[in-house]
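Since the structure comes first, as structure tokens, the remarks are kept for the end.
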Amino acid sequence: MKGSAQRKLDQQNFMEQVRECRDNGYLLSSRKIGSGAFSKVYLAYATHERMRHNPKLASDLRGKHHAMVAIKIISTAKAPVEFSQKFLPREISSLNATYKHLNVVQLYETYHNSQRSYLVLELAARGDLLEHINAMSGHRCRPGLEEEEARGLFWQLVSAVAHCHSSGIVHRDLKCENILLDDQGLLKLTDFGFANRSGLKDSLLSTFCGSVAYAAPEILMSKKYHGEPADLWSLGIILYAMVSGKLPFREHRPRRVLHLMGRGPAFRPGVSPECQDLIRGLLQLRPHARLDLQQVAAHCWMLPARHALFCTMLRWSPVKPAKSQLPATLHPTEPGGDRASKVTPAAPAPPARGDSPEECFWPDA
Ligand SMILES: Nc1ncnc2c1ncn2[C@@H]1O[C@H](COP(=O)(O)OP(=O)(O)OP(=O)(O)O)[C@@H](O)[C@H]1O
């Protein structure tokens, strides 16, 4: 349990952040919607004044009919230098390079001081794909999503990754936890902390430690690799997770994972042969033998996807059984994350236009 001195310090820190956000035109709420190794993400509201000065923000929020954003606050003073000087700038430049796509989280703006960096992001309030798969598995009493829903979501993911690649960005950390869902059921790709410009030589093997289960074999074998086919491997793992409710090669030791990869994925009964074929095409050990994005988009399993996307948007429902009812099938790949703090179905519905924000702190000037 935290001591009262620590609690007071946390409170002071938070009020400082509230002030800094307010000075930059945002009302920070106390609702923490997620956290990472060096960051905390809060629900916040853009002021009318801020929207007047930021056309990017204004045009996006106008379309959404609300003023909510997610503010990711990174304690640069506490983070390792490598993180602040290498990974954070990469995350920001990748988000800027991938603006603007419906299925990639939008970065509206950033502001910094000596202690912290603030990333003002598009809000994706329905949690991540991992939570969604587990919730739906519990709801259906069978593991995984219905293929029709998986197809609609996977189509959006492929579209997001195609946009990144054509913008010269490889993500390199594609996994269910980095795929968020918004209020309309739209998929939003996020967490570009390990992203890089494509075409550059990559040597970041150690940064994939937390996501061994999604990493391509060439990365696990410490080979030089190209980012695009490595992203495609991860897409195969994600599609498998969507339709199976578990990961195909669930192991933490790279050598053991490589052994399982050599045997290929095993499917539960009920996964269609077409879907299995697409997953096998993505989970090819040799990068050159792997399907590329065009082949994925043209695959017979994907053909009804536009229709499925429409259905997903129409049918999206906030059904999310309590955690205790869920079969613990699919687990986060990175230990230690503060998953309990993410947005839950209890999160308030977006206020109608013109409503005053709840839970906002107005510190003394
Ligand atoms: N735009 C957003 N909308 C809603 N929730 C978000 C948004 N961005 C991040 N989150 C939540 O905050 C969590 C942490 O965000 P993110 O993964 O970007 O941080 P990180 O510091 O890169 O994390 P990690 O250390 O795990 O890589 C996410 O898992 C998600 O739950």
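The values are calculated or read from the model by the stated rules, or taken from the named source; none is laboratory data. Predicted model only: the values in this text are computed from it and were never measured. Counting neighbours? That spans all protein chains shown, and the Cβs are built from the backbone with ideal geometry, glycine included. Protein only, heavy atoms only, side chains kept; ligands, DNA and RNA dropped before computing areas. Shrake-Rupley method; radii C 1.70, N 1.55, O 1.52, S 1.80 Å.
One residue is enough: does the stretch 130-148 have a residue meeting the conditions open to solvent by less than 20 Å² (accessible area, probe 1.4 Å), over 30 Å from residue 270 (Cα atoms) and either within 15 Å of the ligand (Cβ to nearest atom) or in contact (Cβ under 8 Å) with a residue 24 or more places away in the chain (or both)?
Within the stretch 130-148, none of the residues are open to solvent by less than 20 Å² (accessible area, probe 1.4 Å), over 30 Å from residue 270 (Cα atoms) and either within 15 Å of the ligand (Cβ to nearest atom) or in contact (Cβ under 8 Å) with a residue 24 or more places away in the chain (or both).
Residues in the stretch 33-41: is at least one part of a strand (DSSP E or B) and over 19 Å from residue 13 (Cβ atoms)? Steps first, please.
Within the stretch 33-41, the subset part of a strand (DSSP E or B) is 33-35, 39-41.
Filter once more, keeping what is over 19 Å from residue 13 (Cβ atoms): none.
Within the stretch 33-41 (the criterion being part of a strand (DSSP E or B) and over 19 Å from residue 13 (Cβ atoms)), the answer is no, since none of the residues qualifies.
Considering only residues that are free of Cβ contacts under 8 Å to residues at least 40 places away in the same chain and not acidic (Asp, Glu), look in the stretch 81-99 and name the one that is surrounded by the fewest Cβ atoms within 10 Å (Cβ to Cβ). Explain how you work it out, then say what you get.
Step one: of the stretch 81-99, the residues free of Cβ contacts under 8 Å to residues at least 40 places away in the same chain are 81-82, 84-86, 89, 92-93, 96.
Subset that is not acidic (Asp, Glu): 81, 84-86, 89, 92-93, 96.
Values: 81: 8, 84: 18, 85: 12, 86: 13, 89: 11, 92: 16, 93: 16, 96: 13.
Checking each candidate, the answer is 81.
Within the bounds of the stretch 180-187, is there any residue that is open to solvent by 20 Å² or more (accessible area, probe 1.4 Å), at pLDDT 90 or above, touching a helix residue (DSSP H, G or I) at 6+ places or on another chain (Cβ under 7 Å) and away from the ligand (no atom under 13 Å from the Cβ)?
Looking through the stretch 180-187, at least one residue is open to solvent by 20 Å² or more (accessible area, probe 1.4 Å), at pLDDT 90 or above, touching a helix residue (DSSP H, G or I) at 6+ places or on another chain (Cβ under 7 Å) and away from the ligand (no atom under 13 Å from the Cβ).
Please count how many residues of the stretch 292-305 are under 14 Å from residue 238 (Cβ atoms) and outside any helix (DSSP H, G or I).
0
Within the stretch 60-80, work out how many residues are β-branched (Val, Ile, Thr) and open to solvent by 20 Å² or more (accessible area, probe 1.4 Å).
Of the stretch 60-80, the ones β-branched (Val, Ile, Thr) are 69, 71, 73-74, 76.
Those left that are additionally open to solvent by 20 Å² or more (accessible area, probe 1.4 Å): 76.
Counting residues in the stretch 60-80 that are β-branched (Val, Ile, Thr) and open to solvent by 20 Å² or more (accessible area, probe 1.4 Å) gives 1.
Hey, could you check the stretch 10-43 for residues that are away from the ligand (no atom under 15 Å from the Cβ) and basic (Lys, Arg) and say which is farthest from residue 121 (Cα to Cα)?
19
In the stretch 258-284, which residue that is part of a loop (DSSP other than H, G, I, E, B) and hydrophobic (A, V, I, L, M, F, W, C) is surrounded by the fewest Cβ atoms within 10 Å (Cβ to Cβ)? Give the derivation first.
At the first step, the residues of the stretch 258-284 found to be part of a loop (DSSP other than H, G, I, E, B) are 264-272, 283-284.
With the extra rule that they be hydrophobic (A, V, I, L, M, F, W, C), the set shrinks to 266-267, 271, 283.
Details: 266: 9, 267: 17, 271: 17, 283: 23.
Applying the filter and picking the extreme gives 266.
If you scan the stretch 49-59, which residues turn out to be open to solvent by 30 Å² or more (accessible area, probe 1.4 Å) and aliphatic (A, V, I, L, M)? Before you say what the answer is, go through the steps one by one.
Quick first cut of the stretch 49-59, residues open to solvent by 30 Å² or more (accessible area, probe 1.4 Å) only: 49-53, 55-56, 59.
Of everything in the stretch 49-59, just one residue is open to solvent by 30 Å² or more (accessible area, probe 1.4 Å) and aliphatic (A, V, I, L, M), namely 51.
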